[in-house]
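Just so you know, all these numbers are worked out from the coordinates, no wet-lab data involved. The shown structure was predicted, so the numbers you read here are calculated from the model rather than taken from an experiment. Please note: Cβ atoms are built from the backbone with ideal geometry, for glycine as well, and neighbour counts cover all protein chains shown.
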Amino acid sequence: MNEQIIILDFGSQYTQVIARRIRECNVYSTILRYDTPARAIAALAPAAKGLILSGGPSSVYDAAAPLPDKNIFKLGLPILGICYGVQLFGQFLGGKVEKGLKREYGKGTLTVNDPQCALFRHLPRQLQVWNSHGDKLTRLPRDFVVVATSENSDYAAIEHPKKKFFGLQFHPEVAHTPRGKEVLSNFVHDICGCGKNWTMRRYIDQAVEQIRAQVGNEHVILGLSGGVDSSVAAALLHKAIGSHLTCIFVNNGLLRAREAEMVQEVFGRHFKIKLQYEDVANLFLKRLKGVTEPERKRKIIGKTFIEVFQAATQRAGRAKFLAQGTLYPDVIESVPIAGNPAALIKSHHNVGGLPKKMKFRLVEPLRCLFKDEVRLLGLELGLPKEIVYRQPFPGPGLAVRCLGEVTPEKLQVLRRADAIVVEEMKASGLYYKTWQTFAVLLPVRSVGVQGDERTYDWTLAIRAVESQDGMTADWVKLPYDLLEKVSLRITNEVRGLNRVVLDLTSKPPGTIEWE
Ligand code: XMP
């Protein structure tokens with residue numbers, strides 16, 4: 001088992017950020033529910049090297065406050081309490097917690113009084129930190145000493161030197177605490193004694209072994225969309241089981257320019273993966289004919305996909321396993337605590353998945369990885385940057401960007417215009433810096449003049465958004481000269497379009513896709 005840091009989740013919106021920061025220090029981390037029994041943690045010895053108690057929206061003195069098993073303090077493991085985690089030290093180990101006079105929220109300055117404290121080794125005496133808490137410790141827990149103070153707190157960082165318990169009132173995991181990662185690195189390396197063993201290069205060997213052990217001599221099927229997760233899963237599985245992997249790629253006719261060719265080029269010709277190419281564009285377009293209502297379009301596409309995929313798996317033959325690109329955030333048991341937005345941030349798309357009657361066993365080789373790790377893994381496996389840093393693309397494809405009825409002619413226009421948007425975004429260096437940038441074909445015709453002719457043609461919208469997770473998004477202020485070039489090229493090069501507009505809507509109130 002990997003050496004690891006266990007993070008007990010008390011419902012903080014930053015719990016996953018803590019886990020990611022620890023992994024960036026090349027130490028594996030696992031998130032467990034706040035009430036995980038101490039003996040379950042003890043059972044992870046000797047791999048478990050330390051505990052982190054996350055922040056959380058509750059007050060420790062609330063009747064419904066999430067509290068840990070009190071025996072976690074007797075495991076002999078170093079513990080780092082962050083924010084609410086500090087208050088738990090107060091509550092369980094003889095200190096006192098009270099409501100602060102005012103909420104401390106935002107930037108602060110930390111003054112380290114004890115430069116010997118291992119947590120602040122190699123760091124300056126003053127640090128910019130980020131706070132977000134209402135309650136505070138007003139009496140130190142037994143045998144703790146103060147190691148740092150801040151404007152608002154006499155107990156901004158505390159330590160129980162003998163037990164190696166540390167408490168931080170601020171959040172070291174967020175980007176607004178610029179040197180917070182070094183604090184976490186000191187905890188996991190110097191205090192918990194973890195090595196730097198967690199790298200994607202090593203993960204490949206480990207995953208290959210696990211996949212082989214699970215699959216044995218059987219065959220695996222993977223639905224390859226060309227997106228990051230399924231692509232990385234394909235490359236990893238291929239490394240593990242070679243020709244025992246069959247990837248099914250469905251061309252639903254709603255893909256962007258050159259997408260189907262790229263997938264065939266990379267996976268079929270370059271990686272030499274067994275690729276079953278299902279060209280069912282006509283079926284999808286036939287079923288979408290005359291349909292204008294967005295939800296109906298989505299339903300038809302979803303249902304048709306399942307039908308096609310099921311039939312394809314039967315043709316693929318004897319596979320017992322179905323591979324899925326499930327990631328760690330999908331499997332963490334989120335803590336249902338009121339006020340914890342992380343509990344709500346779950347993908348609202350693709351819920352349901354494939355029907356239960358498809359009797360496959362699952363292989364999920366990315367199950368313990370975060371998205372940024374999946375990208376690194378993809379690069380290690382030799383996937384091209386276009387795939388590894390590909391922007392999200394919705395399952396229903398261009399159908400949700402071709403408003404109203406989807407026809408082959410409209411798709412053709414949209415594809416050409418979208419390719420220009422992407423090409424110019426890439427040339428400007430902005431493509432990989434935005435969450436999504438794409439074209440939307442509006443069901444609006446207007447009068448124009450092109451050459452000496454009067455035209456009556458369609459309108460194209462450009463949508464560029466910045467986002468962390470797709471749940472909220474800000475529209476991107478693209479440079480005018482770039483917009484000018486894109487607009488000029490589109491109206492010159494794409495027949496059927498005579499007007500280009502820019503979408504200035506954030507999410508909320510808009511959604512990222514138009515349908
Ligand atoms: P919305 O449009 O809801 O999109 O703001 C949020 C994010 O989800 C993507 N999206 C989808 N992804 N299947 C997917 O796999 C879908 O049906 C789907 N619809 C939207 C969208 O591109 C954005 O990144």
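Quick look at the values:
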| read-out | value |
| --- | --- |
| Taking the chain and dividing mean pair separation by its residue count, relative contact order in percent (alpha carbons under 8 Å, at least six apart) | 11 |
| Within-13-Å neighbourhood charge of G496 [Cβ basis; K, R +1; D, E -1] | +3 |
| The range 41-80 versus the range 136-213: alpha-carbon centroid distance in Å | 13 |
| Neighbour net charge for I41 - beta-carbon separation under 12 angstrom, K R +1, D E -1 | +2 |
| Karplus-derived HN-Hα couplings along the range 68-81 (A = 6.51, B = -1.76, C = 1.60, θ = phi - 60°), whole Hz, x at Gly and Pro | x, 4, 5, 6, 5, 7, 10, 6, x, 8, x, 10, 10, x |
| Helix axis angle, 228-241 relative to the chain longest principal axis, alpha carbon, degrees | 80 |
| Segments 17-24, 377-384 sorted - mean Cβ within 10 Å per residue, highest first | 17-24, 377-384 |
| Over 32 Å (Cα to Cα) - which of K49/K426; K299/K485; K70/K371; K410/K433; K385/K507 fall in this group | K49/K426; K299/K485; K70/K371 |
| Neighbour-count order for L77, L285, fewest beta carbons within 10 angstrom listed first | L285, L77 |
| Computed over the range 1-130: relative contact order in percent, which uses C-alpha pairs under 8 Å that are six or more apart | 22 |
| P(r), alpha carbons of the chain - 20 Å bins starting at zero, rounded % | 20, 45, 30, 5, 0 |
| Residue order, fewest to most beta carbons within 10 Å, for D457, D143, D205 | D205, D143, D457 |
| Residues Q412 and A311, FRET efficiency given R0 of 25 Å [Cβ-Cβ distance, rounded to 0.05] | 0.35 |
| Acute angle (nearest 10 degrees) that the helix 294-316 long axis makes with the longest principal axis of the chain, alpha-carbon atoms | 90 |
| Angle in degrees between helix 15-24 and the longest Cα principal axis of the chain, rounded to the nearest 10 | 90 |
| Under 5 Å, built H, 5+ apart or other chain: amide partners of V145 | E159, H160 |
| Spatially near lysine pairs across the range 82-223, Cα under 24 Å, sequence gap of 8 or more or different chains | 19 |
| Per DSSP, loop chymotrypsin sites (Phe, Trp or Tyr not before Pro) in the range 140-206 with at most 11 further Cβ within 10 Å | none |
| Distance in nm between pseudo-label sites at R287 and E423 (7 Å out along the Cβ direction from Cα) | 3.3 |
| Neighbourhood charge, 14 Å Cβ-Cβ cut-off, centred on T292 and excluding it, Lys, Arg +1 and Asp, Glu -1 | +3 |
| Point-charge dipole on Cβ atoms (K/R +1, D/E -1) for the chain, about Cα centre, debye to 20 | 980 |
| Karplus 3J(HN,Hα) series, Hz, for the range 411-428 with 6.51 cos²θ - 1.76 cosθ + 1.60 (x for Gly, Pro) | 4, 4, 5, 4, 4, 5, 5, 4, 4, 5, 4, 5, 4, 6, 5, 5, 4, 7 |
| FRET efficiency, 1/(1 + (r/R0)^6) with R0 51 Å, evaluated for F360 and V501 via beta carbons | 0.65 |
| Computed [θ] at 222 nm, deg cm²/dmol, the chain (DSSP H ≥ 4; -39,500 (n - 2.57); rounded to nearest 500) | -8500 deg cm²/dmol |
| Relative contact order, percent, the range 1-61 [alpha-carbon distance under 8 Å, six or more residues apart] | 53 |
